[in-house]
Amino acid sequence: MKIGIVSDLPDVVDILSGVICSVSEHEILWVARTGANAISSCVSNAPDLILLDIAMPDMEGIEVVRHLTKETSCPILIVSAHLEADTSRIFSAMGHGALDVVSMPSPEVTDVHARAAPLLAKISMIRKLTGRSPDRRGGIARPASPHSSHLLVIGASAGGPAALGVVLGGLPEDFPAAVVIVQHVDERFTSGMAEWLNQHSTLPVRLAVEGDRPARGTVLLAGTGDHLVFKSPDRLGYTPDPVDYVYRPSVNVFFWSVCKHWRGSTVGVLLTGMGSDGALGLKALKDMGHHTIAQDETTSAVYGMPKAAAKLGAATYILPLADIASKLVKTFSSRKNG
């Protein structure tokens, strides 16, 4: 991959360059010392991937991400030396379209391969994501006759945190459905993300744990590196299979498990994100008679996953972000009263 590095710190540039140059298939296309230079470099010579230091001198990394996603389609991987301290800024950057985040390789780790492994793994994952997406579909069995429970399932990736904040913030405290979310994010940040979403949501948000039962008016967020799935008609859990999916957890795997096990009514939502994860799962939900929603192109930070869903005819409705919550309230209210 051709990679652009954005950092004003020579030591950071040296560390990232060393990791990139350790793999023959990667090369450094350019190095930008300021956010403004990064934007101009990306416009004139777009790389396959940008490694962005979240702390920049001339403009916040969040602003760099916002400008880059507006003016280019370059995937952005946030690099941070202080993950816990940078949590709020990281999620804001992801809300504007950054794809993922990785810890800065530590020079204190003497084993060169161990030091480089996390960053190289993220780069490899993004290369696979931008080059191809899994298109296998698991076996889907039609569930037994439905009962009166209602379930809202949401999948999101790049740009997802901010989009989820808008949707959850638009749902009332008496929302009549359980909510389960699968967001592409490193498991080290899921706890911080749940806390961040709680600041924007009228409904309580927490991480899903093994054996959880979705409850009305509660939001459960996938919280590990394994796939969140329904293991029975009313119980959630985690599974390592399939092991070859680019992103963990997978939206498709979760949506397919909903189709297989959940016995109540469902609305599926696919928000902003790169790639096509979730599109086939959303189509499966629609084919079973459930209402489905995909975010529209104009309001998507990255129009990949919802675009794939639209091409498949997987969405009953294609809506701007600001209209999704009201549509969900109307849909579930009619079912509650029906």
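The values are calculated or read from the model by the stated rules, or taken from the named source; none is laboratory data. If you're wondering where the values come from, they're calculated on a predicted model, not measured in any experiment. All accessible areas refer to the heavy atoms of the entire protein, side chains included, with ligands and DNA or RNA removed. Shrake-Rupley method; radii C 1.70, N 1.55, O 1.52, S 1.80 Å.
With an 8 Å Cα cut-off and a minimum separation of 6 or more residues, compute the relative contact order for the chain in percent.
14 percent
Quick test of the membrane-span-like rule: which DSSP H helices of the chain reach at least 18 Å along their long axis (C-alpha atoms) with mean Kyte hydropathy at least 1.0? Present the calculation step by step, with values, prior to reporting the outcome.
Numbers: long enough: 112-131 (28 Å, 0.51); 321-337 (25 Å, -0.21).
Result, helices passing both filters: zero.
How big is the shadow of the Cα convex hull of the chain, averaged over all directions, in nm²?
If I average the Cα hull's projected area over directions, I get 16.1 nm².
Percentage of Cα-Cα pair distances in segment 234-338 greater than 25 Å, rounded to whole percent?
Roughly 20 percent, rounded to a whole number.
For all pairs of alpha-carbon atoms in segment 38-116, what percent lies in each bin of width 5 Å, listed from the first bin to the last filled one?
Final binned percentages: 3, 16, 26, 22, 15, 11, 6, 1.
Give me the accessible area per residue for the chain, probe 1.4 Å, as a whole number in Å².
Working: 13610 Å² over 338 residues.
Accessible area per residue: 40 Å².
Could you list which residues have their amide H under 5 Å from that of T299, counting only those 5 or more apart in sequence or on another chain, with H placed in the peptide plane?
HN-HN under 5 Å from T299: L321.
Summarise the accessible area of the chain (1.4 Å probe, protein heavy atoms) by the percent that is carbon and sulfur. Spell out each step's value before the answer.
Working: 6920 of 13610 Å².
Carbon and sulfur together cover 51 percent of it.
If you build the Cα gyration tensor of segment 276-338 and take the root of 5 times each eigenvalue, what three semi-axes come out, in whole angstrom, biggest first?
21, 16, 7
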